[in-house]
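Heads up, the thing below is written out as structure tokens.
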Amino acid sequence: LEAQFEDLSLLLPLWAGIPGKAQASQMIKSSLTDPQKYWRPFGLSVCPAGSRYKDLPSAADMVLSWQAMLVRGLLKYGERQVAARLFTHLMAALEASHQESGRLRQSYHAVHGTGSGEYNALQGLAPLGLFLEVLGVEIYSPWRVRLSGQNPFPWPVRINYRGLVIERALDFT
């Protein structure tokens, strides 16, 4: 009897905050960040590396909405550095696609970073709100901001918003 089809959606309980801390840590270590499972140079693939479906055209395409949900799940479990690495991988795919064609695409290949699907589709846009979440910045107004954690990215970030300027470096904000 053939085994059930396994895909990235099995990790979405992380987004919902369902597993306990220990189980979430195990899911992150043994599946999400494991290159033998889902972790790729340009994000997470839909199918694990060992799947017989991995070579189907859509199997390696990243579904950005699932990726964003998993980044948020990583943040729920205090995995800001892993969330930042995954977000950086996603942005590398968007950048590669934009450099290639001057446009963004509906989805991106998790191994090669190439775009596929419709051009400039809403699903393929850079998730700015997610970037701010990973960075630990919540802007309520030009006068009210909430900061959490430290900058998890290896570069300083400068945000300009209606006269508000926030600079987050590795060791100061």
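For the stretch 1-108, give me every one of the helices (runs of 4 or more DSSP H) that falls completely inside it and has 1 or more residues that are closer than 21 Å to residue 123 by Cα and modelled with pLDDT of 85 or more.
Of the helices (runs of 4 or more DSSP H) lying wholly inside the stretch 1-108, those with at least 1 residues that are closer than 21 Å to residue 123 by Cα and modelled with pLDDT of 85 or more span 13-16, 64-76, 80-101.
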Next item on the list: Taking residue 131 as meeting all but one of (1) surrounded by fewer than 18 Cβ atoms within 10 Å (Cβ to Cβ); (2) farther than 25 Å from residue 10 by Cβ, write down the number of the exception.
Entry: (1)
Next item on the list: Show the residue pairs that are 6+ apart or on different chains and have beta-carbon atoms under 7 Å apart, the first residue being within the stretch 24-39 and under 20 Å from residue 52 (Cα atoms), the second being at pLDDT 95 or above and assigned to a loop (DSSP other than H, G, I, E, B).
Entry: 39/33
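For residue 165, state whether it is surrounded by 10 or more Cβ atoms within 10 Å (Cβ to Cβ), β-branched (Val, Ile, Thr) and not in a loop (DSSP other than H, G, I, E, B).
So residue 165 does not fit the description; no.
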Next item on the list: Being open to solvent by 20 Å² or more (accessible area, probe 1.4 Å), in contact with a helix residue (DSSP H, G or I) (Cβ under 6 Å, 6 or more places away or on another chain) and closer than 16 Å to residue 129 by Cβ is the filter here, so list the residues in the stretch 67-84 that pass it.
Entry: 69, 72, 75
Checklist line | Unique match (being open to solvent by 80 Å² or more (accessible area, probe 1.4 Å), free of Cβ contacts under 8 Å to residues at least 24 places away in the same chain, out of contact with any helix residue (DSSP H, G or I) (no Cβ under 9 Å at 6 or more places or on another chain) and of a type in the set (Ser, Thr, Tyr)) among 140, 119 | finding: 140
Checklist line | Which listed residue is of a type outside the set (D, E, K, R) and open to solvent by 60 Å² or more (accessible area, probe 1.4 Å), from 14, 44, 10, 32 | finding: 10
Next item on the list: Could you check, for the stretch 91-113, whether at least one of its residues is open to solvent by less than 60 Å² (accessible area, probe 1.4 Å), among the small types (Gly, Ala, Ser), more than 10 Å from the chain's Cα centre (by Cα) and closer than 19 Å to residue 16 by Cα?
Entry: no
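The values are calculated or read from the model by the stated rules, or taken from the named source; none is laboratory data. Keep in mind that this is a model prediction, so the values were computed, not measured. Cβ: placed from backbone, ideal geometry, glycine included. Neighbour counts: every protein chain shown. Areas reflect the complete protein model, heavy atoms only, side chains present, ligands, DNA and RNA absent. Shrake-Rupley method; radii C 1.70, N 1.55, O 1.52, S 1.80 Å.
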